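Chemist: Have a look at the structure that comes next, please.
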Amino acid sequence: MSYDWLVIGGGASGLTAAVILAQEGYRVALVEKSPCLAPLLRGFRRGDFHFDTGFHYSGGLGRGEILDLFFRSLGLSERLRATPFDLSGFDRVRAGGEEEFAFPVGMQRLEEALCRAFPGQERGIAGYLAEVRRACTVHPYLDLEAPLEGSGTLFGLDGTSLREMLLRWTDEPRLQRLLAVHTLLYGVPPAEAPFALHASVVGPYYQSVHGLIGGGAALAEAFAARLAELGVDVFLGQGVRELLFTPAGTLRGARLEDGTELGSRGCVATLHPALLPGLVPEGVFRPVYRRRLLALEDSLPAFTLYGVCRKSNDLLHGRNIFLLGADDKGLEDTIYLTAADNGPARASGLVAIASEAPGGTDRWKDSVRGRRPAGYEAYKAERAASLVRRIEEACPEFGGVEVLATATALTMRDYLHTPYGGLYGVRHRIGQFNPQPRTRVAHLLLAGQGVVAPGVLGAVLSGFLTCGELIGHERLRERVKACR
Ligand SMILES: Cc1cc2nc3c(=O)[nH]c(=O)nc-3n(C[C@H](O)[C@H](O)[C@H](O)COP(=O)(O)OP(=O)(O)OC[C@H]3O[C@@H](n4cnc5c(N)ncnc54)[C@H](O)[C@@H]3O)c2cc1C
């Protein structure tokens, strides 16, 4: 079997790349190690509840906004229906059992709400939000009118950190903490998070916020149907074990875990970049590049609880809650609560995500899914119980929480085939090497959340960015603009 392009990984980024390349008329194969496409997006069922895993909500999904345009350009929109989050407060922040702030949808309304909540900080709030807006107009795939030349195609991992930017605009610690709460959406603490990256993640959320009817599973199904329409061959249940090269060093295809060989003259790899060196023979990459990929640090590990409220309520209907912990702890002590799925049904299934101490599950790292030792199960039960205590204290509306399932960094590692199980793959922090879409090997390119930014928007954007390297950025951007 021979193809023009082979895409490794069937997550949001790989699916995007496969669709774009097939739309260009290339013969494309997509290989996903899991038994189903988009394992991170699909979620799972427990009892009467479907739990979303890798997609709860997103910015950029309003009509004509960037993610909406990407989906239109990919031919997915007919199969997807966005559902707006609560305009008066899509993300609500609680501290000590009281609601401290509700993020309204829309930059202007957010500015007004912040000014009301923090009198005397008006200048700083306006200045900070102007910086967020400005940062979102620089990237040529976030703002399709941004000039291509000289803009760079990636968010720089140098420059100002989020913490420095906050300190520049306000000396009010509560305001700083509030504006940093969304670092939980990419798992990097404010002192390490590049402001440009932070702005590119939160900017689209500040503009508009939607879920998808049917959640991440609907997105996975829309992609699967589109691949079938375009004649993309999909190989599931086995990963790529190695990339194959001619004696002259030209890429010629890949061998899968069951020994199947797929011929291809090009490859877009969307797996965690630290796994790439393991797929290519020694000598293909320069040692320094190899070392840099292998040394990539992961975003914060997380502990996730999937549960059900004992009392029917609509607290999480179209909105999420961030529970702040001790003042001095920040991200590590914040809990993110969202509905089990964000469809139109009344929400009483819930997902709670809290950070896990780095290395917290290291003791069991050699164990495999389904056969973990009793100590690991006891650790999970204890973590779940302490999370439930905090949630019940802060959200009496739930009438108590029953735990149906939990996941740790080991779950993420084994389920998503990543090296360490960090919540969002590679940690995009100040000073860290950021892999570019192009490698030194002709026709071997990278895409995915590790290359651009986490989030479905970041992953889809990275698929466009990488394919833009192949078929021309201007041409691809024109195609997206034509969907306005
Ligand atoms: C708990 C959680 C909640 C989230 N919530 C949201 C949200 O509300 N909104 C939002 O926008 N984003 C959210 N995200 C982030 C978002 O889901 C991800 O950033 C995005 O889906 C990543 O897509 P990707 O294609 O880069 O990576 P992945 O989806 O990880 O795709 C990479 C794929 O490569 C496969 N693979 C690995 N090795 C091989 C191999 N050797 N051969 C073949 N295949 C291989 C893996 O199995 C995997 O499917 C959330 C993430 C998590 C973990």
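Chemist: Which residue, chosen from 209, 194, 324, occupies the Cα position most advanced towards the positive end of the dipole of the chain, where the dipole is computed from +1 (Lys, Arg) and -1 (Asp, Glu) charges on Cβ about the Cα centre?
Modeler: 194
Chemist: May I pose another question? To test your reading of the geometry: what angle, between 0 and 90 degrees and rounded to tens, separates the Cα axis of helix 195-207 from the longest principal axis of the chain?
Modeler: Tilt of helix 195-207: around 70 degrees.
Chemist: Ok, one more. Put 363, 372 in order of accessible area, largest first, 1.4 Å probe: what do you get?
Modeler: Ranked from most to least accessible, the order is 363, 372.
Chemist: With n ≥ 4 as the cut-off for DSSP H runs, can you work out [θ] at 222 nm for the chain, using -39500 (n - 2.57) per run divided by the number of residues, rounded to the nearest 500?
Modeler: -10000 deg cm²/dmol, from helical runs alone.
Chemist: Dipole size in debye (nearest 20) for the chain around its Cα centre, Lys and Arg Cβ +1, Asp and Glu Cβ -1?
Modeler: The dipole magnitude comes to about 780 debye.
Chemist: Additional query: Just to confirm the number: angle between the C-alpha axis of helix 12-23 and the first principal axis of the chain, 0 to 90 degrees, nearest 10?
Modeler: 40 degrees
Chemist: Determine, for each peptide in 290-302, 388-400, the mean count of other beta carbons within 10 angstrom over its residues, then list the peptides with the highest first.
Modeler: 290-302, 388-400
Chemist: I'd like the distance between the alpha-carbon centres of the stretch 371-411 and the stretch 290-369, rounded to an integer number of Å.
Modeler: What the calculation gives is 11 Å, centre to centre.
Chemist: Sorting 91, 314 by accessible area (1.4 Å probe), largest first, what list results?
Modeler: Result, largest first: 314, 91.
Chemist: How large is ³J(HN,Hα), in whole Hz, for each residue of the stretch 82-92 in order, when computed from phi with the Karplus curve 6.51 cos²θ - 1.76 cosθ + 1.60 and θ = phi - 60°, using x for Gly and Pro?
Modeler: Listing the rounded values in order: 7, 10, x, 7, 4, 5, 7, x, 6, 10, 10 Hz.
Chemist: Express the relative contact order of the stretch 298-425 as a whole percentage, based on alpha carbon pairs under 8 Å and six or more residues apart in sequence.
Modeler: Averaging sequence separation for qualifying contacts and normalising by length gives 38 percent for the stretch 298-425.
Chemist: Give me the one-decimal nm value for the distance between modelled label points at residue 87 and residue 294, 7 Å along each residue's Cα-to-Cβ direction.
Modeler: 5.5 nm
Chemist: Now for a different question. Going by average Cβ neighbours within 10 Å, how do the peptides 460-468, 20-28 rank, with the highest at the top?
Modeler: Per-residue mean Cβ counts within 10 Å order the peptides as 460-468, 20-28.
Chemist: Counting pairs of alpha carbon atoms under 8 Å apart in space and at least six apart in sequence, what relative contact order in percent does the stretch 104-208 give?
Modeler: 35 percent
Chemist: Tell me, what HN-Hα J-couplings in whole Hz come from the Karplus equation 6.51 cos²θ - 1.76 cosθ + 1.60 at θ = phi - 60° for each residue of the stretch 103-112, using x for Gly and Pro?
Modeler: Calculated HN-Hα couplings, in order: 6, x, 7, x, 4, 5, 5, 5, 4, 5 Hz.
Chemist: Okay, next question. For Cα pairs less than 8 Å apart in space and 6+ apart in sequence, what is the mean separation divided by the residue count of the chain, i.e. the relative contact order in percent?
Modeler: Dividing the mean separation by the residue count of the chain yields 24 percent.
Chemist: Hey, another quick one. Where a ≥ b ≥ c are the square roots of the eigenvalues of the C-alpha gyration tensor, would you call the chain rounded, which needs a/c under 1.5, or, failing that, prolate if a/b is larger than b/c, or oblate?
Modeler: Verdict is prolate for the chain.
Chemist: Oh, and also: Search the structure for amide H atoms under 5 Å from the amide H of residue 161, placed 1.01 Å from N in the peptide plane, and list their residues when 5 or more places away or on another chain.
Modeler: 195
Chemist: Moving on. How many nm is it between the label spots at residue 148 and residue 258, if each spot is 7 Å from the Cα in line with the beta carbon?
Modeler: The two pseudo-label positions are separated by 4.1 nm.
Chemist: Of 312, 348, 58, which has the most accessible area and how do the rest follow, probe 1.4 Å?
Modeler: If we order 312, 348, 58 from most to least accessible, we get 312, 348, 58.
Chemist: Sticking with this one: Cα axis of helix 122-135 to longest principal axis of the chain: angle in degrees, 0 to 90, nearest 10?
Modeler: Roughly 10 degrees between the two axes.
Chemist: Based on the Cβ-Cβ distance from residue 390 to residue 213, what FRET efficiency comes out when R0 is 30 Å, to the nearest 0.05?
Modeler: The pair residue 390/residue 213 has a calculated efficiency of 0.45.
Chemist: Work from the charge dipole of the chain (Cβ charges, +1 for Lys and Arg, -1 for Asp and Glu, about the Cα centre) and give the residue of 394, 161, 44 farthest towards its positive end.
Modeler: Among 394, 161, 44, the one farthest towards the positive end of the dipole of the chain is 44.
Chemist: Another question about this same structure. Which residue, chosen from 170, 124, 280, occupies the Cα position most advanced towards the positive end of the dipole of the chain, where the dipole is computed from +1 (Lys, Arg) and -1 (Asp, Glu) charges on Cβ about the Cα centre?
Modeler: 280
Chemist: Can you list residues from other chains, or at least 5 along the same chain, whose modelled amide H is less than 5 Å from the amide H of residue 43?
Modeler: Sorted by chain and number, the residues that satisfy this are 53, 54.
Chemist: Using a Cα-Cα cut-off of under 13 Å, which aspartates and glutamates could be cross-linked to residue 311, ignoring same-chain neighbours fewer than 8 residues away?
Modeler: Within reach: 392, 397, 402.
Chemist: Starting from 0.36 nm per residue, how many nanometres of slack lie between residue 238 and residue 172 once their C-alpha separation is accounted for?
Modeler: Fully extending the segment from residue 238 to residue 172 adds 18.6 nm.
Chemist: In debye, nearest 20: dipole of the stretch 104-208 around its Cα centre with unit charges on the Cβ of K, R (+) and D, E (-)?
Modeler: Around 340 debye, computed over the stretch 104-208.
Chemist: Roughly how many nanometres apart are two label points built 7 Å out from the Cα toward the Cβ at residue 440 and residue 98?
Modeler: Distance between the two pseudo-spin positions: 5.9 nm.
Chemist: Can I ask one more? Quick one: grab the alpha carbon gyration tensor of the stretch 221-353, order the square roots of its eigenvalues as a ≥ b ≥ c, and give me rounded if a/c is under 1.5, else prolate or oblate depending on whether a/b is larger than b/c.
Modeler: Taking the square roots of the gyration eigenvalues as a ≥ b ≥ c, the stretch 221-353 is oblate.
Chemist: Once you have a ≥ b ≥ c as the square roots of the Cα gyration tensor eigenvalues for the stretch 184-283, tell me rounded if a/c is under 1.5, and otherwise prolate or oblate according to whether a/b is larger than b/c.
Modeler: Note, shape of the stretch 184-283 comes out oblate.
Chemist: Using a cut-off of 27 Å between alpha-carbon atoms, which lysines can reach residue 329, once sequence neighbours fewer than 8 places away in the same chain are excluded?
Modeler: 365, 380
The values are calculated or read from the model by the stated rules, or taken from the named source; none is laboratory data. Everything numeric here is computed off the predicted structure, so don't read it as measured data. Cβ: placed from backbone, ideal geometry, glycine included. Neighbour counts: every protein chain shown. These accessible areas exclude ligands, DNA and RNA; they are computed on the full protein's heavy atoms, side chains included. Shrake-Rupley method; radii C 1.70, N 1.55, O 1.52, S 1.80 Å.
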